[in-house]
Amino acid sequence: MCNQKTPSKDATQGYSRRQFITTTLAGVGAVMAQSGCWPGPRRDALVRHCATDVVTLGPTGIKATRLAHGTGWNGGARSSAHTRLGEKAFTELIRHSLDQGIAFIDTADLYGAHPYIATALKGVPRDRYILSSKIWPRKEYWNLPSGGAKEEVDRFRKELNTDVLDICLIHCMMDPEWPKEFERIRDELSELKQKGAVRAVGVSCHDLGALKTAAAHPWVDVFIARINNVGKEAEMDAPVEEVAPVLKQARANGKVVIGMKIFGAGKLVKPQQMDASLRYVFENRLVDAITVGMMSPREVNDTIWRLDEVLRA
């Protein structure tokens, strides 16, 4: 069964949090090989259609859970609502997601979450989770970009305490000509990919023209797109009937599409709104995975449950 309800406290009685995480993650390689699913509470290994299934992200070969935990709610200037929780609460939140089977963490330099993530994942084997981060390419009062990617990726890896970034994107593309504007960043990311410091490259988009470019450009492995069933009124780049065909074509082109703003950056909060958005995105096969900026264990449990219900239907 996919997580039909939150496991009771009795399910982990006698275990410390560290012991429970270790037990949950033990033997994951064998489970993934046999079932294609990440083991979690009340999980039937024969069921594939769950929020925490391990899915292959297109031609990249990267295996990640269908649901990623985003860390940039209300993010900017290397801060976010997630980091403002404080290190202790942030760690408990990410560990709870791991307990529930989420093994995909989405972050960015803009959010300031790298050191928090490193602390939260301390002691967890590196092959048990996927990390995605983003380079902010523009000069800001808080950011002095190198103009490339090597300096940024080296710093990211130190901050995240990892040798490899699974996915590294150029953040917040708003111009269809972004490949030319950020050519040096693209070239350096390609070089880092060849050296194995980065496994997949691409962009996140906040503009329909930029999105169309990403959907067709041969350099792009992965891109993050704003998608829900409402459209511009819920933080999308354009009406949904204009965005959806672009995402379908992108996937047909072999691009990995990760959906964001599934709940409209907090504008789609009623249960029926959330369910309708999830149904639209997944029934139309618009994405490979989604990232949701869940702020509490309760939100983690609720998001998993809702996506499980949609996928089962």
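The values are calculated or read from the model by the stated rules, or taken from the named source; none is laboratory data. Small disclaimer: the values here were computed from a predicted structure and weren't measured. Neighbour counts are summed over all protein chains in view; Cβ atoms, including those assigned to glycine, are modelled from backbone coordinates with ideal geometry.
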Residue identified as surrounded by 24 or more Cβ atoms within 10 Å (Cβ to Cβ) and either hydrophobic (A, V, I, L, M, F, W, C) or out of contact with any Asp or Glu (no Cβ under 8 Å at 6 or more places or on another chain) (or both) among THR56, THR71, THR107, THR83:
THR107
Under 9 Å by Cβ, and 6 or more places apart or on different chains, what pairs join a residue from segment 289-311 that is over 12 Å from LEU67 (Cα atoms) with one that is of a type in the set (Ser, Thr, Tyr) and surrounded by 19 or more Cβ atoms within 10 Å (Cβ to Cβ)?
PRO297/SER97
ARG285 - would you say it is basic (Lys, Arg) and in contact with an Asp or Glu (Cβ under 9 Å, 6 or more places away or on another chain)?
no
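Quick grid of which residues meet (1) in contact (Cβ under 8 Å) with a residue 12 or more places away in the chain; (2) buried (at least 21 other Cβ atoms within 10 Å of the Cβ); (3) closer than 18 Å to PRO137 by Cα:
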site: LYS180; (1), (2), (3): no, no, yes
site: GLU183; (1), (2), (3): no, no, yes
site: ASP187; (1), (2), (3): yes, no, yes
site: SER190; (1), (2), (3): yes, no, yes
site: GLN194; (1), (2), (3): no, no, no
site: ALA197; (1), (2), (3): yes, no, no
site: VAL201; (1), (2), (3): yes, yes, yes
Residue tally, condition closer than 13 Å to LEU192 by Cβ and buried (at least 20 other Cβ atoms within 10 Å of the Cβ), over segment 154-165:
3
Determine if segment 276-288 includes at least one residue that is surrounded by 20 or more Cβ atoms within 10 Å (Cβ to Cβ) and in contact (Cβ under 8 Å) with a residue 60 or more places away in the chain.
yes
Apart from one, (1) surrounded by 24 or more Cβ atoms within 10 Å (Cβ to Cβ); (2) β-branched (Val, Ile, Thr); (3) over 17 Å from the mean Cα position of the chain (by Cα) all hold for ILE258; the odd one out is (3)
Does GLY76 satisfy the condition of being under 22 Å from HIS171 (Cα atoms) and either in contact with a helix residue (DSSP H, G or I) (Cβ under 8 Å, 6 or more places away or on another chain) or not polar (S, T, N, Q) (or both)?
yes
Assuming ALA238 fulfils every condition listed in (1) of a type outside the set (Asp, Glu); (2) out of contact with any Gly (no Cβ under 6 Å at 6 or more places or on another chain); (3) part of a loop (DSSP other than H, G, I, E, B); (4) touching a residue at least 40 places away in the same chain (Cβ under 8 Å) apart from one, which condition is it?
(4)
Number of the exception - ASP221 against (1) crowded, with 19+ Cβ neighbours inside 10 Å; (2) over 13 Å from VAL246 (Cβ atoms); (3) out of contact with any helix residue (DSSP H, G or I) (no Cβ under 6 Å at 6 or more places or on another chain); (4) not aliphatic (A, V, I, L, M)
(3)
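Return yes when THR119 is closer than 19 Å to THR303 by Cβ and touching an Asp or Glu at 6+ places or on another chain (Cβ under 7 Å) and no when it is not. Even if it seems obvious, please write down each step before you answer.
Numbers: closer than 19 Å to THR303 by Cβ: no; touching an Asp or Glu at 6+ places or on another chain (Cβ under 7 Å): yes.
So THR119 fails the test.
How many residues, within segment 112-139, are of a type in the set (Phe, Trp, Tyr) and within 26 Å of ASP53 (Cβ to Cβ)?
1
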Considering each of ARG78, ARG84, ARG42 in turn, give the residue that is modelled with pLDDT of 50 or more, basic (Lys, Arg) and assigned to a loop (DSSP other than H, G, I, E, B).
ARG78
Failed condition for GLY123, given (1) free of Cβ contacts under 8 Å to residues at least 12 places away in the same chain; (2) assigned to a loop (DSSP other than H, G, I, E, B), with all others met?
(1)
Residue ID - nearest to GLY231 (Cα to Cα), chosen from residues in segment 251-297 that are in a strand (DSSP E or B) and touching a Lys or Arg at 6+ places or on another chain (Cβ under 6 Å)
MET260
Would you mind finding the one in GLU140, GLU151 that is surrounded by fewer than 17 Cβ atoms within 10 Å (Cβ to Cβ), on the phi < 0 side of the Ramachandran plot and free of Cβ contacts under 8 Å to residues at least 60 places away in the same chain?
GLU151
Among the residues that make up segment 56-66, is at least one of them farther than 21 Å from THR291 by Cβ and either modelled with pLDDT under 50 or of a type outside the set (D, E, K, R) (or both)?
no
